[in-house]
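*Asks:* Sharing a structure, written as structure tokens. Questions coming.
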């Protein structure tokens, strides 16, 4: 075994124990759910028993997670640097999330578009939290001011646009799978000078 293998092995064992403790389960309770003996589970958690693939699959199921999440060793992208989007007057920080969701931290400097034709509509649902400043959410024919520490949730089938209210603001936007696809398709369809 290489040092990387040893580190991953130890990480997986710690995850199994941490997930069990987070559920409030004893060794006996998880062992029953995973159809293992409590002593076998204890030896797995403590590194005194080899980790077998079939046991990892069973443990992942019992812990209500996936095998991929249990053995993931991707810690290279802990720090996210901003992506500068001069066209929209924003900085964006991509954040990892559930594969079905996209989370984006964005610094906005432009007001929402004054032309209703520039508002987007597509399948899905979005959420946003204002981290600083004040955001303006145009939703259909309504205009909402979303202040620092306030959140908004809306179906994206309503025409919508987001901008600032007089100064920079930072938001955390969360898009479900359909909303993410809608935004990606929307960016491809419109010329760069017409995006907001």
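Only the coordinates and a few stated rules stand behind these numbers; no lab work does. What you see is a predicted model; the values in this text were computed from it and never measured. Here the Cβ positions follow ideal geometry from the backbone for every residue, glycine too, while neighbour counts run over all protein chains shown.
*Asks:* Could you put 7, 29 in order, starting from the residue whose Cβ has the fewest other Cβ atoms within 10 Å?
*Replies:* Going from least to most buried by this count: 7, 29.
*Asks:* Taking 0.36 nm per residue of separation and subtracting the Cα-Cα distance, what length does fully extending residue 127 through residue 11 add?
*Replies:* My answer for the length gained is 38.5 nm.
*Asks:* Here's a follow-up. Using the count of nearby Cβ atoms within 10 Å as a rough guide to exposure, how do 178, 126, 147 rank from fewest to most?
*Replies:* The order, fewest Cβ neighbours first, is 147, 178, 126.
*Asks:* Say each of residue 53 and residue 109 gets a label point 7 Å from the Cα, pointing the same way as Cα to Cβ; how far apart are those two points in nm?
*Replies:* The modelled label-to-label distance comes out at 5.2 nm.
*Asks:* Hey, fewest Cβ within 10 Å first, where do 36, 11 land in order?
*Replies:* Ordered from fewest to most neighbouring Cβ atoms within 10 Å, 36, 11 come out as 11, 36.
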